[in-house]
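Take a look at the structure below.
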Amino acid sequence: MLIDLETYSRALSLHELLEHAERHEPATSFGADIDAANAELLDPLKRREDRCAAFLNWASRHQPCLFGRLGARGMQGIGIDVCWIDEAEIACGDDHVRDKIQRARRAWKENAAEGMAHGFLIMFNARVSRS
């Protein structure tokens, strides 16, 4: 998602940023692995847990970073905490999203201090559409 922030003179809300995000035609392919993962990630009938599992499954095999692949698998003692933000949470507004990220960040720091988590990922899982 590419957004030219230099053209904006004030801080935009998350909703406004998404409104200005680059769009691709629905038939655009980003490769078989990403297309398959997106089909699961954006399926409105899937539970959040299933979407997160689908993402971690993709990352465990296709994430370019070795640390990310190991963390997605929970291998070598590397753990990743994921802050999952979906369309309903984005619709609740910037304050809600900010607060959720801060709570998840604090929990991650506690987990990291205990050696249970090494990476922290903020995952925005939402279709971007024009309103």
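Every number here is computed from the coordinates shown, using simple stated rules; none is lab data. Because the structure is predicted, anything quoted here is derived from the model rather than measured. No Cβ is skipped: glycine too gets one built from the backbone with ideal geometry, and neighbour counts run over all protein chains shown.
Brief remarks on what is shown
- Residue-span extension gain [residue 29 to residue 103] - 0.36 nm each, minus C-alpha spacing: 23.1 nm
- Lys/Arg +1, Asp/Glu -1 at C-beta; the chain dipole; positive extreme among 32, 53, 107: 107
- Measuring r between the beta carbons of residue 61 and residue 111 and using R0 = 25 Å, the FRET efficiency lands at 0.55.
- The relative contact order of the chain, computed from alpha carbon pairs under 8 Å that lie at least 6 residues apart in sequence, is 25 percent.
- Since only 42, 122, 78 are under comparison, the one whose Cα sits farthest along the positive direction of the charge dipole of the chain, derived from C-beta charges on Lys, Arg, Asp and Glu, is 78.
- Here each label is just a point 7 Å from Cα along the line to Cβ, and for residue 36 and residue 21 those points are 2.4 nm apart.
- Per-residue HN-Hα couplings for region 113-121 [Karplus 6.51, -1.76, 1.60; θ = phi - 60°; Hz; x = Gly/Pro]: 4, 8, x, 8, 9, 10, x, 10, 10
- Every Cα-Cα pair of region 34-131 was included, and the share exceeding 22 Å stands at 34 percent.
- Distance from the C-alpha centroid of region 66-128 to that of region 10-41: 19 Å, rounded to the whole angstrom.
- In loop segments of region 50-131 as defined by DSSP, the GluC sites (Glu not before Pro) with at most 11 further C-beta atoms inside 10 Å of their C-beta are 114.
- In loop segments of region 25-95 as defined by DSSP, the trypsin sites (Lys or Arg not before Pro) with at most 11 further C-beta atoms inside 10 Å of their C-beta are 47.
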